[in-house]
Structures are given as C-alpha cells and as structure tokens.
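Here, each number is a calculation from the coordinates, and none is a lab measurement. Computed from a predicted structure; not experimentally measured. Note that each Cβ is placed from the backbone with ideal geometry, even for glycine, and that neighbours are counted across all protein chains shown.
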Amino acid sequence: MRLVNYFADQFNKQLGNGVDIRQSPKAMAKLKKQVKRTKEILSANTAAPISVESLYNDADFRSTITREKFEELCEDLWEQALTPVKEVLTHSGMKIDDIYAVELIGGATRVPKLQAKLQEFLGRRELDKHLDADEATVLGASLHAANLSDGIKLNRKLGMIDGSTYALVLEIDGPGYVKDESIDQTLVPRMKKMPIKMFRSIRHTKDFDISLNYDKAYELPPGIPSHKFAEYSVSGLSDANEKYAHRNLSAPIKANLHFSLSRSGIIALDRAEAVIEITEWVEVPKKILTLESNTTNQNSSSEVGAANSTTDSKENMSSGSDTNSNTSVNESNAQEIITEKVLKKRTFRVPLKVVEKTTGAGTILSKELYSEAKNRLEALDKKDAERRKTAELKNNLESYIYSMKEKLEESTDILTVSTEQERESFAEKLSEVQDWLYMDGEDAQANEFQERLDQLKAIGDPILFRLSELKARPAACENARLYLDELQKIVKNWDANKPWLPKKRVDEVVREAEKLKAWLEEKENLQKKYNLLSQLSFFLLSCKRWLTPVGNFAVPLSIAHQFSHLKKLMRKFWTCKIRSQVSIGFRNQNPRLRRKQQRRKNLLARRKPPLRNLHPTRVNTPKRLRNLRLKKRISLHRPTLAIQNLNLMTSCEYQNP
C-alpha cells in the first residue's frame with residue numbers, strides 16, 4: 001500500500017483539479033494490480049516503470065520508481081519484518097547460534113532489502129534457498145495430507161511433529177468452589193505435541209460450567225473477536241454428592257474431565273465423570289491355627305519314627321498307635337473360621353452429563369436479533385435482484401438501440417415498409433435515448449430503462465413486423481399452393497386405389513382444400529391493392545401481440561390459422577380410415593393379395609413380438625399381438641404429412657405408396 005499511495009499522490013498532482021483517485025474503487029483496483037507487477041520487477045532490477053491506461057476519466061498514468069525510493073518508503077517495515085523471527089526464537093528457547101539453517105519461503109522473501117535485514121540479524125553471509133519459495137508450502141501440505149490419508153500410499157512415511165499454535169486455558173464457572181481451587185488452568189501449553197489426550201481433576205460438589213479460551217498472553221489473528229472458543233455445561237455432580245455425602249468420604253468428591261486434542265488442533269471435552277472415594281469397615285474371614293495342633297503334629301511325627309525302629313513282633317501295636325496319632329492330628333488341624341472388621345477403601349465412578357454450548361459465531365440468536373438479521377438479508381437479496389434486473393434492462397435497451405440503428409443504415413428492404421419521415425423520427429429517438437443512456441441514465445433505475453425501451457419498441461416493432469411479413473409471405477404462399485395442388489392429385493386417385501375410404505370424408509377434404517385455395521388467392525389479390533406501409537391483408541405470425549389493431553392497420557386471419565383447421569380434419573380422417581380398414585379386414589382386395597397377406601400374417605405370428613409394441617400392464621394375447629402387427633402394416637399405407645413452421649412457412653410433403 002505504500003507504493004499505491006505514492007503513485008496515487010503522483011496521479012492526483014498530474015491530473016490536478018482537486019481530484020482524489022482514492023475515491024474511485026475501480027481506479028484503485030487497476031492501480032493496485034499494476035503496482036504489484038512493478039514491485040516484482042524491482043526485486044530483480046534497480047528501477048521499474050508503471051503504466052496504466054484510462055486510469056481515471058480516460059486519463060493515462062505513467063511513471064517510474066527506483067529501488068532506493070521503494071526502500072525509503074518502507075523504511076519502518078523492515079524492522080517489523082523481523083518480528084516473526086524474534087518470536088520463534090523466544091518461544092522455542094533457542095539462540096541465534098543454535099540455528100543450523102534458515103530457509104526462505106514466500107514471495108516477499110525475494111525483496112533484496114528484506115534478505116539483507118535477515119542476514120544482518122542472523123549474522124549470516126548467505127541465506128538458504130533450496131526450496132521454491134512459492135510452491136514449498138503447497139507441496140508440504142500435499143505430502144502431509146497424503147501421509148495422513150488412508151487412500152494414498154506413499155513409498156515411505158514422512159515424519160512430522162506438529163504442535164498447538166496457541167496455548168489453551170481451561171476456565172471454570174459455577175457455585176460452591178472448594179477453597180484453594182484454581183479457576184483458570186493451563187490445559188495445553190503452546191507448541192504441545194498433537195494429537196494428545198489429557199484429563200483434569202476438579203474438586204467440586206455441584207454442577208458447573210467450563211470454557212476453553214486462548215491464552216491472553218498471545219495475540220490472536222485479526223478477525224477473532226474473543227479468546228473464548230468453546231463452552232460446556234457439566235451436570236450430575238450435585239446428584240452424586242447427595243447420594244454419597246452420608247458415606248465416610250476418604251477424600252473430597254472430584255470431577256475428572258477427559259479432553260482430546262486432534263492432529264488438526266481441535267480440542268474437545270469427550271466425557272466427564274465424578275470420582276467418590278469412601279472408607280468403611282468390612283467383615284472379612286480370617287484363617288487361625290491353634291497352639292495344640294502344633295504340639296500334636298510334633299508328637300505324631302516322633303511316634304512314627306519310633307514305630308519304624310521296632311521289631312516285627314510289635315508291628316500290630318505300632319500300627320494301632322499310628323492310627324490313633326493320625327486321627328488326633330486331623331482334628332487339631334481343622335481350621336477355625338473367624339470374621340473380623342477391616343477398614344477398606346472403595347472408589348465409585350459416576351458418569352456426568354456434558355452439554356456443549358454454542359459460542360462465538362455459532363451462538364443462537366434471540367428472536368429480535370434473528371428477525372433483524374433476516375430482514376437485513378432480505379433487504380440485501382432485494383437489492384441484488386434489483387441490481388440484476390437493472391443491468392439486464394440496461395443491456396436490453398443498449399442492444400435494441402444498436403441493432404435498430406444497424407438495420408436502418410444497412411437494410412434496403414426496410415425502405416419499402418417504412419416512410420422516410422418514420423425512419424428519421426425513429427433514428428432521432430434512438431440517438432436521444434442513447435445520449436440519455438450514457439449520460440443521465442448511468443445511475444437510472446430499472447423502471448426508467450423499461451419505459452424508454454417500450455417507447456422505442458412502440459415505433460420500431462411495427463416496422464420490423466411489416467419487414468418480416470414482406471420476406472416470409474411469398475415463400476409461404478408458394479409452399480401452401482404446392483401443398484394444395486399435391487393434395488388434390490392424391491385425392492383424385494383414392495377412388496381407384498383406395499375404394500374402402502369413406503366418400504363423405506374424402507369429399508370433405510376436397511371441399512376444405514378448394515376453400516383454402518380460394519381464400520389464399522383472394523388474400524393475395526387483396527394484398528396487391530394495399531400499401532405495404534399501412535395495411536396487410538393477411539400475415540404469418542400468430543402472435544397475441546398482433547391480435548389487436550396496431551398502428552394504421554388491422555390484423556386479419558393468418559395462414560397458420562387456416563391450415564390448422566385442415567390439419568385437424570386430416571387427423572380425424574386418418575383415424576376414421578384406420579378404424580374402417582381394420583373392421584373390413586381387406587375384404588375388398590383380390591384373392592391373390594389376400595393369400596399373400598395371410599402368409600405374411602402366419603410368418604409374423606411365429607416370430608417374437610417386438611418389445612416396443614407390448615403393453616406394460618395388459619396381457620399380450622396372440623389375438624392382440626396380431627392386431628398390433630395389423631395396425632403396423634396399415635400405417636405403411638398412410639401418407640406422411642409434414643407442416644413445418646407454419647408461423648413462417650407452410651409446406652406439405654406426400655409419400656404415395
């Protein structure tokens with residue numbers, strides 16, 4: 001913007017008359033575009049020109065600037081450009097001597113003065129330029145995305161450690177805080193490795209709210225109005241406190257909050273639970289051995305040794321004594337179950353309900369704010385629609401003016417359908433509206449453009465209508481006459497070639513054709529008497545706009561209207577002919593032709609019916625299939641009637657079987 005303001009001041013001095021180019025957004029946009037190119041040229045050259053044609057009020061602007069002047073204009077910005085480097089060193093805890101390499105990324109790093117400042121600050125003779133300054137960021141983002149994606153497989157994984165850009169703080173809000181409870185806690189330090197999961201314990205006995213904020217020690221980017229970006233409501237802790245408050249608590253009740261920080265830097269509260277620790281006396285069984293049982297065990301073992309040293313004569317006595325000693329040992333070893341009370345610690349975990357509240361841009365609006373925003377959007381939509389309508393009508397008016405001027409100057413046929421006075425008056429009106437369009441009508445409304453367009457069309461459309469009729473009428477009349485002659489030739493042969501056709505319908509077609517031919521001759525003779533500048537005996541265009549008197553002539557019937565009646569009659573005739581021919585069943589044909597038709601009928605019956613003749617919902621019986629084939633063969637004898645574009649030209653072609 002320093003260069004833009006510099007060249008804007010130069011242009012204001014050059015143009016004079018107290019004009020400030022900054023008041024014209026269009027001119028400033030053109031100037032910014034060219035200044036950007038000039039700045040890029042200065043990166044490789046010591047001087048660069050600037051040239052903008054028709055910058056403001058058809059005035060051209062040309063000037064030059066040197067690199068020294070550019071560096072002088074931005075003298076205070078060079079020191080500000082070093083701020084990001086200083087912040088990186090401060091946050092990382094590193095010194096300049098610890099830096100191994102400095103890679104330049106970004107288009108602005110090509111400015112020679114900026115490179116010189118970086119070399120002076122870092123104490124380096126040369127800066128590293130191994131990567132493309134424009135493509136390095138995009139390439140790195142693409143490789144990182146491919147590394148994270150499951151659908152793209154790389155030859156080797158690219159390791160990257162990402163950290164949180166800002167420190168995140170947890171803020172608690174709610175009644176009944178325990179003493180010494182810290183309201184604000186640092187949840188995620190700056191540059192903490194992502195992704196990660198963490199939890200925080202809060203000693204609390206009642207429901208509470210928490211909010212996640214950016215650390216206020218760090219400045220936020222422009223456009224972020226508040227440090228708070230998330231808010232949650234945690235409930236259920238009060239109910240848990242009432243349930244376990246009468247128990248012997250070994251520690252205060254606390255709430256554990258479990259957070260997760262994704263690799264995208266998005267933190268969220270996943271779940272919360274209440275932790276209750278109690279101590280209570282519990283009766284547990286205890287195993288106790290008496291002193292008598294220990295003595296008996298010693299005696300029995302000595303007796304067993306003595307019995308082993310006796311002679312064979314005393315075996316029976318020894319065995320008896322052994323049996324008595326074993327019995328006494330089993331009785332003395334019997335366990336005595338004794339219960340005792342022991343102080344035991346137990347932990348209960350109760351899930352808490354977490355509800356996320358909308359904050360910042362997603363906050364729910366009140367009815368008043370919602371209504372206000374809705375009205376504002378509707379007003380903007382209305383302005384946009386009005387602007388588009390105005391631009392469309394302005395374009396239509398301009399196009400109509402240029403097209404009519406071209407026809408008045410170049411078309412020779414227009415001389416026969418308009419007088420010289422009409423043409424001169426119309427040309428003057430066109431010039432008048434054109435001058436208004438480029439002067440006073442530059443900021444006119446849509447209704448003004450429509451009003452002037454209607455005024456011009458009221459004069460020019462009757463002339464254009466007569467011109468179109470003059471060009472299209474002769475060809476249409478000739479095609480209509482050929483149609484009637486061909487129709488009469490075909491109808492004459494129907495008595496001999498097609499005796500099954502109803503005579504009443506045939507006569508009706510003949511009468512209608514004669515009637516139409518007489519009407520056409522009458523209108524052509526009448527048109528020769530009329531002046532092309534004032535009145536027409538008949539016309540071709542069937543337009544609702546010409547159904548009322550326009551100008552100096554009244555509108556008669558059109559050719560399209562006359563031929564539409566004959567077209568309906570022919571359609572009814574062919575429907576009646578098909579029905580009659582199906583009912584007769586070719587009885588009027590000769591036997592040889594009848595046998596040929598029968599053989600063809602039997603042949604078609606053995607073939608599979610075409611799918612296009614099958615009805616999707618009706619049962620296609622053999623009888624119906626034969627009727628379908630019969631109708632298909634009958635349609636082959638039907639002449640083809642084609643009336644193409646009756647609004648401009650009427651034509652008919654017959655195909656005689």
Evaluate the charge dipole of the range 385-510 about its Cα centre and quote only its size in Debye, nearest 20, assuming +1 on the Cβ of each Lys and Arg and -1 on the Cβ of each Asp and Glu. 1300 debye
Less than 15 Å apart at the alpha-carbon level, and either on another chain or at least 8 residues along: which aspartates and glutamates does that give for K197? D162, D270
For the pair E478 and V510, what calculated FRET efficiency results from E = 1/(1 + (r/R0)^6), where r is the Cβ-Cβ distance and R0 = 22 Å, to the nearest 0.05? 0.50
Need the C-alpha centroid separation for the range 442-497 versus the range 197-225, integer Å. 77 Å
Cβ-based net charge around Y400, under 12 Å, with every Lys or Arg adding one and every Asp or Glu removing one: +2
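Of K498/K596; K243/K286; K95/K228; K86/K216; K30/K374, which pairs sit farther than 29 Å apart, going by alpha carbon to alpha carbon? Each step should come with its number before you reach the end.
Numbers: K498/K596 18 Å; K243/K286 32 Å; K95/K228 33 Å; K86/K216 19 Å; K30/K374 35 Å.
Distance filter (> 29 Å) returns K243/K286; K95/K228; K30/K374.
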Candidate aspartates and glutamates for bridging to K345, where Cα separation is under 15 Å - those fewer than 8 sequence places away on the same chain excluded: E277, E280, E283
